[in-house]
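Asks: Questions regarding the structure given below will be posed in turn.
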Protein chains: 2
Amino acid sequence: MKVIEKIREAELENKTLFSFEFFPPKTEDGVDNLFDKMDRMVQHNPSFCDITWGAGGTTADLTLDIANKMQNMICVETMMHLTCTNMPVEKIDHALDAIKGNGIQNVLALRGDPPHGQDKFVQTEGGFACALDLVKHIRAKYGDYFGITVAGYPEAHPEVIESNGVATLESYHNDLAYLKRKVDAGADVIVTQLFYDTDVFLKFVNDCRQMGITCPIVPGIMPINNYKGFLRMTGFCKTRVPPEIMAALDSIKDDEEAVRKYGIYLGTEMCKKILAHGIKTLHLYTLNMDKSALAILQNLGLIDEAKISRTLPWRRPTNIFRLKEDVRPIFWANRPKSYLSRTIGWDQFPHGRWGDSGNPSYGALTDYQFMRPRSRDKKLKEEWAVSLKSVEDIHDKFMQLCLGKLKSNPWSELDGLQPETKIINEQLGSINLKGFLTINSQPSVNAAKSDSPSVGWGGPGGYVYQKAYVEFFCSQGQLNVLIEKAKTFPSLTYIAVNKEGKSISNVGPNDVNAVTWGVFPAKEILQPTIVDPASFIVWKDEAFEIWTKGWARLYPEDDSSRTLLEQVQSSYYLVSLVDNDYIKGDLFAVFNEV
Amino acid sequence: MKVIEKIREAELENKTLFSFEFFPPKTEDGVDNLFDKMDRMVQHNPSFCDITWGAGGTTADLTLDIANKMQNMICVETMMHLTCTNMPVEKIDHALDAIKGNGIQNVLALRGDPPHGQDKFVQTEGGFACALDLVKHIRAKYGDYFGITVAGYPEAHPEVIESNGVATLESYHNDLAYLKRKVDAGADVIVTQLFYDTDVFLKFVNDCRQMGITCPIVPGIMPINNYKGFLRMTGFCKTRVPPEIMAALDSIKDDEEAVRKYGIYLGTEMCKKILAHGIKTLHLYTLNMDKSALAILQNLGLIDEAKISRTLPWRRPTNIFRLKEDVRPIFWANRPKSYLSRTIGWDQFPHGRWGDSGNPSYGALTDYQFMRPRSRDKKLKEEWAVSLKSVEDIHDKFMQLCLGKLKSNPWSELDGLQPETKIINEQLGSINLKGFLTINSQPSVNAAKSDSPSVGWGGPGGYVYQKAYVEFFCSQGQLNVLIEKAKTFPSLTYIAVNKEGKSISNVGPNDVNAVTWGVFPAKEILQPTIVDPASFIVWKDEAFEIWTKGWARLYPEDDSSRTLLEQVQSSYYLVSLVDNDYIKGDLFAVFNEV
């Protein structure tokens, strides 16, 4: 969705929006960390996030890759920066085609800094001379597909700022006139350069309006994190710093913590003043750090770090091809990125997938689904590559996992337990000790308020429901006992399957079971999570592979623990068990009998 | 759906099926009565219903019309009989094309009786000589589209029955061989001629199996209703009547009621014996009478006359084009036939209608939607064509209606109140007296068992829900007061519109509100009834028209009551009001404030 559409929608609802800007890190670990950070920050529902185009296009491929993952794995509306520096038109088009193909709809069009080692911007052969030409090109070649944002300079472009720190009135006006030409050429949003004098920004907005620029003007706020960094940045951008800010910083410049706190205070005050003037969109330059940006938003009451509100139980995609997605199998609940990667080729959501309950053609299982960021892989090794003497050692490991004693989990992309798991973790612990090795679960929920912190989703005013669910590996012997006992619990339905695909079930092959749903005022019933036999058979390949590709691989090749894990993999069943009576049922009662 | 598919499905679930056979009545009133009777009988979920092809094709057009209405208005799976008598192939194809176009998939292929005034069957020029040729033709021309049933004669065809009342063994075997040829040519079900000696039927089934006939053989049971009719029928069909039955009837032949009771007793015993032999499908020749057939099924425990079980809140269509229909606007709840006629051209259910919430293109409003069977029209005149002095007289009429004091209702195709209305009729009565003239309503339901007699649907094992709903006409003044008061009831959403289309609402134009839904084991959430603004605007034309075409027309042209009704029609609003809090809300509380 275009950022301008988001802003217009929010205006109608009188809502305040915020967004974050990131840059491509220099190392692989840096990239891993950035995604971790972004993933947490995106929980707070920023309206969009930016990723910059490295100086002179040096990080082009990385930026494209990060933008793709932001949009399609992190699932945040992504705005990619694009500059003219060293970019002939073929490269520009390559980048635009790539993001278009990936379902990204937002570009921030910039001229860019001078090429490395030069003082002045030089037009590349076959490239563009300025952002205006880039905007024109995007509109000419891609029509209305992209939302185009351009940069606004509240103090005029740094290149025209004189040695006394300010631009002449003429330069300032030329700059505004140029901005208007960019908007007239098709840009639909302006994001400003950073500033520390809020009055300068407010005057700039006013001047833009006088010039006839009517599009949204979003202030770019860079929280002060560090004294030296602040001096470097404001020097580079020739940003005016009001003397009282300089004075305040001078008095604490050697106390990093105090500088950061002041940065949060100042950012909060600047935003308050801006919001008070009726500007309802804030853009935060995060410098890839989360704390200050989130603290400012928390101070403004725009987020609540203690209470993440979810639109659905899983994060809604932003890719324009899957905006209508409204239902997912529960199996991938702890592996959303794997699910996204395996369904990336789907062209219809959700119908044509679930409506006919035909065979959903999931993408093949590749190593991608087992890759992990290095930091998380290290934690896995520490916690899971321990010597295993018998299956009881494995049972014990799973019990520790569901009691929250482990930070990593080969079957999960997420950190730690989901909040709702804590409701049932004692019961889970006890069935794991019996050899029912749980990898996914949810408690039953009967008409909880939709803004409940543990199980709520969809915003206030509704009621949400869940059928109790547990998914586990167990031996054939344990499975037989369980199935026998389950006959006296008529509200239980199960599907069990082993690695080879041998399957036992008490439901039909087309019985799709809604296990999470919600009822909201003036809405159709939402039913975001289901258990269906067809997807389960696809999922089981992934779930079984994790025994080896997720766990056994952590050991040396000839370790006997590895052999044990391979035996479990080849002999156990994966079982999906639902208690359909979400009002009076007790999913765990059947295990008491085993 | 083909009858054979229904039988195969039922076999898998070990369920017993039953069906009813009707014939085309001779008068218009007779046809009206037949549909009334059929409508009530179909509530008990017969697997299918037959309509016969009048002797010599004399009722061809009527049979086609009745078959169409059975399938598409009564919504029962329909099997139309088709005979060769007086039917050249063009007429045969015309009939088959007609029912195919109407979504009917079942034909019973017969040779038919000799033409009127003749003793022997004569092949029409350009027609077929026998049922076998007809079966071959249907398969050749229509492929697998139709399910084809043929007649089986447990005592051989009457034409080969000798004067001693039985066929020779040779004739009997020839008859069986011919039956096998009909099946081999493509018939997939056999329904038998009537019989009263169950052993004869069981032997026949056995003989068929010996011959290699493997398709289902459905016994045709004709309950004895009347002594003379029984003699005529068994004489005509040359049916063997066991002496003990003859003796039993002889002793009571002058007591009609005793004969009927005996008929029910005998039918029940015959069916019990047949079912005990593992035959799970019963076909009842009703002679267009409901009582004996239903009494037999009640005795067998196959239906419960005190407890009608509904698959959905509205009767599921059987037309193959709308099998996937799973959601309807609540507005037509009391006018299902009008809804069916207005959506008959739809090619997609339900998506493309509700999913995108685009404008559903309902058929135009025609006089059809206001037509009524004559008997009902008479009742309407008696109850509604009373002198009206002021709007208070109208308020009073509506109050009587929802207290169940009237048997007819211009706004409803149904007789009397829906069972659930009785839960709230006192409250409805009181708001009607205040001038909120209700034409549709449902109480809130929070997790009632799905087999609850008043509000249940979908069979046992699930939970059903409803948001409280009321739809009414009221004056602009009353509407203004209500809307003001509704501000303090945040769970209420409403749409109000007058005849001209002026509309006031507190929901968005695309806010589709599920007002009835159900949760079942191993199923997706069902959401059969919704309130949506787009359909409401279509419905309001029909609802407003009823003031004149349904009510005012009952008066002489110059009656002042007529003028009063026209004034109400042109000045009142139609209001759809939902209480979204189905757990704690009280829809009627807001009216207490008015």
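The values are calculated or read from the model by the stated rules, or taken from the named source; none is laboratory data. Predicted, not measured: the structure shown is a model, and the values here were computed from it. Backbone-built Cβ (ideal geometry, glycine too); neighbour counts: all protein chains shown. Heavy atoms of the whole protein, side chains included, go into the accessibility calculation; ligands, DNA and RNA do not. Shrake-Rupley method; radii C 1.70, N 1.55, O 1.52, S 1.80 Å.
Asks: If amide H atoms are built 1.01 Å from N in the plane of the peptide, which residues on other chains or at least 5 residues away come under 5 Å of the amide H of A:Ala156?
Replies: Long-range HN contacts for A:Ala156: none found.
Asks: Here is a follow-up. Can you compute the modelled spin-label distance between A:Asn480 and A:Asp144, with each label point 7 Å from Cα toward Cβ, in nm?
Replies: About 6.6 nm separates the two model spin labels.
Asks: Using helices alone, I'd like the mean residue ellipticity at 222 nm for chain B: each DSSP H run of four-plus residues gives -39500 (n - 2.57), total over residue count, nearest 500. Intermediate results must be reported in sequence, preceding the final value.
Replies: On the way: 19 runs with 224 residues, N = 594.
Value at 222 nm, helices only, nearest 500: -11500 deg cm²/dmol.
Asks: Using the alpha carbons of chain A, what is the convex hull volume per residue in cubic angstrom, as a whole number? The partial results should precede the final answer.
Replies: Working: hull volume 100.9 nm³, N = 594.
Once divided by residue count, the hull of chain A is 170 Å³.
Asks: Just to compare against my own numbers: the Cα pair-distance distribution for the range B:439-594, 10 Å bins, whole % per bin, please.
Replies: The distribution over the range B:439-594 is 10, 33, 31, 19, 6, 1, 0, given as percents.
Asks: Additional query: Report the accessible surface area buried between chains A and B, summing both sides, using a 1.4 Å probe on protein heavy atoms only, in Å² rounded to the nearest 100. Walk me through the intermediate numbers first.
Replies: Details: alone 26070 and 26080 Å², together 49780 Å².
Roughly 2400 Å² of accessible surface disappears when A and B pair.
Asks: Taking Cα pairs under 8 Å and at least six residues apart, what relative contact order does chain A come out at, in percent?
Replies: On the way: 1037 pairs, mean separation 68.4, N = 594.
It comes to 12 percent, rounded to a whole number.
Asks: Can you give me the distance in nm between label points at B:Arg316 and B:Asp113, each placed 7 Å from the Cα along the Cα-to-Cβ direction?
Replies: For the pair B:Arg316/B:Asp113, the computed spacing is 3.7 nm.
Asks: Fully extended, how many nm does the chain gain between A:Glu257 and A:Gln298 (0.36 nm per residue separation, minus their Cα-Cα distance)? Walk me through the numbers on the way to the answer.
Replies: Working: separation 41, 0.36 × 41 = 14.76 nm, distance 1.83 nm.
12.9 nm is the gain from fully extending A:Glu257 to A:Gln298.
Asks: Right, something else. Calculate the length of the line joining the C-alpha centroid of the range B:462-511 to that of the range B:176-191, in whole Å.
Replies: Between the Cα centre of the range B:462-511 and that of the range B:176-191, the gap is 59 Å.
Asks: Give a quick list of GluC sites (Glu not before Pro) in the range B:453-507 that DSSP marks as loop, anything other than H, G, I, E or B, with at most 14 other Cβ atoms within 10 Å.
Replies: Details: sites: B:Glu471, B:Glu484, B:Glu500; in loops: B:Glu500.
Here the GluC sites (Glu not before Pro) that fit, given the DSSP loop and packing criteria, are B:Glu500.
Asks: At what distance in nm do the modelled label points of A:Lys381 and B:Arg209 sit from each other, each positioned 7 Å from its Cα along Cα→Cβ?
Replies: Inter-label distance under the simple model: 7.0 nm.
Asks: Using a 10 Å cut-off around each Cβ of peptide A:514-521, what is the average number of partner chain Cβ atoms that fall inside? Intermediate values should be presented prior to the final figure.
Replies: Values: counts 7, 0, 1, 5, 1, 10, 4, 12.
Rounded to a whole number, the mean comes out at 5.
Asks: Bins of 5 Å, beginning at zero and ending with the bin holding the largest distance: percent of Cα pairs per bin for the range B:22-158, please.
Replies: Computed distribution, short to long bins: 2, 10, 20, 23, 20, 14, 9, 3, 0.
Asks: Moving to a separate point now. Largest first and in whole Å, what are the equivalent-ellipsoid semi-axes of the range B:242-285 based on the Cα gyration tensor, each being the root of 5 times an eigenvalue?
Replies: On the way: eigenvalues 114, 27, 10 Å².
In descending order the semi-axes read 24, 12, 7 Å.
Asks: Let me ask something else. For the range A:527-593, state which GluC sites (Glu not before Pro) are in a DSSP loop and have at most 13 other beta carbons lying within 10 Å of their beta carbon. The partial results should precede the final answer.
Replies: Numbers: sites: A:Glu542, A:Glu545, A:Glu557, A:Glu566, A:Glu593; in loops: A:Glu557, A:Glu593.
Here the GluC sites (Glu not before Pro) that fit, given the DSSP loop and packing criteria, are A:Glu557, A:Glu593.
Asks: If you take the charge dipole of the protein assembly as shown about its Cα centre, with +1 on Lys and Arg Cβ and -1 on Asp and Glu Cβ, which of A:Asn72, B:Ala248, B:Gly508 is farthest toward its positive end?
Replies: It is B:Ala248.
Asks: Just tell me which lysines come within less than 20 Å, Cα to Cα, of A:Lys182; anything on the same chain fewer than 8 places away is out.
Replies: Answer for A:Lys182, where 20 Å is the Cα cut-off: A:Lys2, A:Lys136, A:Lys141, A:Lys203, listed by chain and number.
Asks: Shifting gears a bit: Determine the distance separating the Cα centre of the range B:543-570 from the Cα centre of the range B:389-406; give it in Å without decimals.
Replies: Result: 15 Å between the Cα centres.
Asks: For helix B:131-142, report the angle its Cα long axis makes with the longest principal axis of the Cα atoms of chain B; keep it between 0 and 90° and round to the nearest 10°.
Replies: With rounding to tens, the tilt is 50 degrees.
Asks: On a 0 to 90° scale, report how tilted helix A:476-486 is relative to the longest principal axis of chain A, with both axes built from alpha carbons and the result rounded to the nearest 10.
Replies: Once rounded, one gets 80 degrees.
Asks: Compute the label-point distances linking A:Pro453 to its equivalents in the other copies; points lie 7 Å from Cα along Cα→Cβ; give nm, one decimal, shortest first.
Replies: Label point to label point, same position, other copies: 4.8 nm.
Asks: Follow-up. List, largest first, the extents of the alpha carbons of the range B:3-299 along their principal axes, each in whole Å.
Replies: Its Cα atoms span 51, 46, 46 Å along the three principal axes.
Asks: Could you check what % of the DSSP bridge pairs in the range A:3-299 are antiparallel, to the nearest 5? Each step should come with its number before you reach the end.
Replies: On the way: 2 of 32 bridges.
DSSP beta bridges in the range A:3-299 are roughly 5 percent antiparallel.
Asks: Right, another one. Relative to the longest principal Cα axis of chain A, at what angle does helix A:89-101 sit, 0 to 90 degrees, rounded to 10?
Replies: Between helix and principal axis, roughly 40 degrees.
Asks: Let me ask something else about it. Taking only C-alpha pairs under 8 Å that are 6+ residues apart, what is the relative contact order of the range B:3-299 in percent?
Replies: Working: 483 pairs, mean separation 53.7, N = 297.
Contact order relative to length: 18 percent.
Asks: Over 25 Å between C-alpha atoms is what I'm after, so list which of B:Lys37/B:Lys238; B:Lys337/B:Lys540; A:Lys261/A:Lys307; A:Lys26/A:Lys272 land there.
Replies: Beyond 25 Å between Cα atoms: B:Lys37/B:Lys238; A:Lys26/A:Lys272.
Asks: Rounded to two decimal places and with Rh computed the Kirkwood way over Cα pairs, what is Rg over Rh for the protein assembly as shown?
Replies: Numbers: Rg = 37.5 Å, Rh = 35.7 Å.
A ratio of 1.05.
Asks: Let me ask something additional. Please identify the GluC sites (Glu not before Pro) of the range A:132-210 that satisfy two criteria: DSSP loop assignment and at most 14 other Cβ atoms within 10 Å. Which are they? All intermediate terms of the calculation are to be shown ahead of the outcome.
Replies: Values: sites: A:Glu155, A:Glu159, A:Glu162, A:Glu170; in loops: A:Glu155, A:Glu162.
Here the GluC sites (Glu not before Pro) that fit, given the DSSP loop and packing criteria, are A:Glu162.
Asks: Separate question: Using the heavy atoms of the protein chains and a 1.4 angstrom probe, tell me the accessible area per residue for the range B:47-122 in square angstrom.
Replies: Numbers: 2640 Å² over 76 residues.
About 35 Å² of surface per residue is accessible.
Asks: Sticking with this one: Using only Cα atoms, what Kirkwood radius does the range B:296-451 have, in angstroms?
Replies: Value: 18.3 Å, from the Cα pair sum.
Asks: Right, next: Under the convention of a label 7 Å out along Cα→Cβ, give the distances in nm from A:Glu269 to the same position in every other copy, shortest first.
Replies: For A:Glu269, the inter-copy label distances come out at 10.2 nm.
Asks: Here is a follow-up. Measure off, as a whole percent, the carbon and sulfur share of the 1.4 Å-probe accessible area of the protein assembly as shown, all protein chains present. Don't skip to the answer; put the middle values down first.
Replies: On the way: 25540 of 49780 Å².
Summing carbon and sulfur atoms, their accessible area is 51 percent of the total for the protein assembly as shown.
Asks: Take every DSSP beta bridge with both residues inside the protein assembly as shown and express the antiparallel ones as a percent of the total, to the nearest 5.
Replies: Antiparallel bridges make up about 55 percent of those DSSP assigns within the protein assembly as shown.
Asks: For A:Arg328, what residues show an amide H to amide H distance below 5 Å, using hydrogens built from the backbone and excluding near sequence neighbours?
Replies: The list, which skips near neighbours in sequence, is A:Thr529, A:Ile530.
Asks: Express the relative contact order of the range B:274-428 as a whole percentage, based on alpha carbon pairs under 8 Å and six or more residues apart in sequence.
Replies: On the way: 87 pairs, mean separation 25.0, N = 155.
Computed value for the range B:274-428: 16 percent relative contact order.
Asks: Could you name every residue in the range A:441-474 that has 20 Å² or more less accessible surface in the full protein assembly than in its own chain alone (probe 1.4 Å, ligands and nucleic acids excluded)?
Replies: Residues losing area: A:Tyr463, A:Tyr465, A:Lys467.
Asks: Among the aspartates and glutamates, which fall within straight-line cross-link reach of A:Lys291, defined as a Cα-Cα distance under 15 Å, with same-chain neighbours fewer than 8 residues apart omitted?
Replies: Candidates past the 8-residue exclusion: A:Glu21, A:Asp36, A:Asp39, A:Glu256, A:Glu257, A:Asp304, A:Glu305.
Asks: Return the Rg/Rh ratio of the range B:105-214 with Cα-based radii and a Kirkwood Rh.
Replies: Working: Rg = 14.5 Å, Rh = 14.9 Å.
Here the Rg-to-Rh quotient is 0.97.
Asks: Say a label goes 7 Å from Cα toward Cβ at A:Lys91 in every copy; what distances in nm does this one have to the rest, shortest first?
Replies: 8.4
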